[in-house]
1. D for the chain, whole µm²/s, Stokes-Einstein with Kirkwood Rh over alpha-carbon pairs at 25 °C and 0.890 mPa s: what number?
2. Provide 78, 20 in ascending order of the number of other Cβ atoms located within 10 Å of each residue's Cβ, fewest first.
3. To the nearest 500 deg cm²/dmol, what mean residue ellipticity at 222 nm is calculated for the chain from DSSP H runs of n ≥ 4 alone, each contributing -39,500 (n - 2.57), summed and divided by the residues?
4. To the nearest 0.05, what FRET efficiency results for residue 32 and residue 168 with a Förster distance of 41 Å applied to their C-beta separation?
5. Of 77, 152, 28, which has the largest mean-square fluctuation in a 10 Å C-alpha GNM of the chain?
6. Let me check against my output: what whole-number percent is the relative contact order of the chain, with C-alpha pairs under 8 Å and at least 6 apart?
7. For an R0 of 25 angstrom, estimate the FRET efficiency from the Cβ-Cβ distance between residue 12 and residue 57 and round to the nearest 0.05.
8. Pulled fully out, how much extra length does the chain show between residue 127 and residue 42, if you take 0.36 nm times their separation in residues and subtract their Cα-Cα distance?
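Every read-out reported here was derived from the displayed coordinates using simple, explicitly stated rules and does not represent laboratory data. The structure displayed is predicted, hence computed values, not measured ones. Note that each Cβ is placed from the backbone with ideal geometry, even for glycine, and that neighbours are counted across all protein chains shown.
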């Protein structure tokens, strides 16, 4: 099983438990804060992900970290200790990403990326966001980026769906139709 799949399973389990017992947003913040703490300290990160270090020592380190931060909920603390016991702390980044995806799915929010050749005015970006929201039936979190190679128009990517209204793609279609004739 890949680390992404394992991280997704742990995230799903945590989300389901927290949904019944506590605050799903807070749990996500606590998990992200712990992952950030580990990633921000190179020695700690190497220690917790090194397979040569026994799981019992990793658990002891996690217990000490949790004892210093009394704001971590018992549910998140138990998950972190479980990951340490099973020597699965290497899954932490994938688990955080999967948990954030579950949060967005629960809130009916979808991430989208809008690529344009030139900077668009804020009102046009808002209109495109609204159009994507109507098309997907969800609230859209839109990230914009510039790519002059598309010449003009826009390319919107929502999940695995791509709405390509770029001039480059239109020229490609025209070339294909002329070649087929």
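1. Values: Rh = 19.3 Å.
Value of D from the Cα-based Kirkwood radius: 127 µm²/s.
2. Working: 78 14, 20 9.
With the sparsest Cβ surroundings first, the list reads 20, 78.
3. Mean residue ellipticity, 222 nm, calculated: -20500 deg cm²/dmol.
4. According to the calculation, E is roughly 0.65.
5. Looking only at 77, 152, 28, the biggest GNM fluctuation is shown by 152.
6. Numbers: 192 pairs, mean separation 38.5, N = 181.
The normalised contact order for the chain reaches 21 percent.
7. Values: r = 28 Å, r/R0 = 1.14.
Working from the Cβ atoms, E equals 0.30.
8. Gain on stretching residue 127 to residue 42: 26.2 nm.
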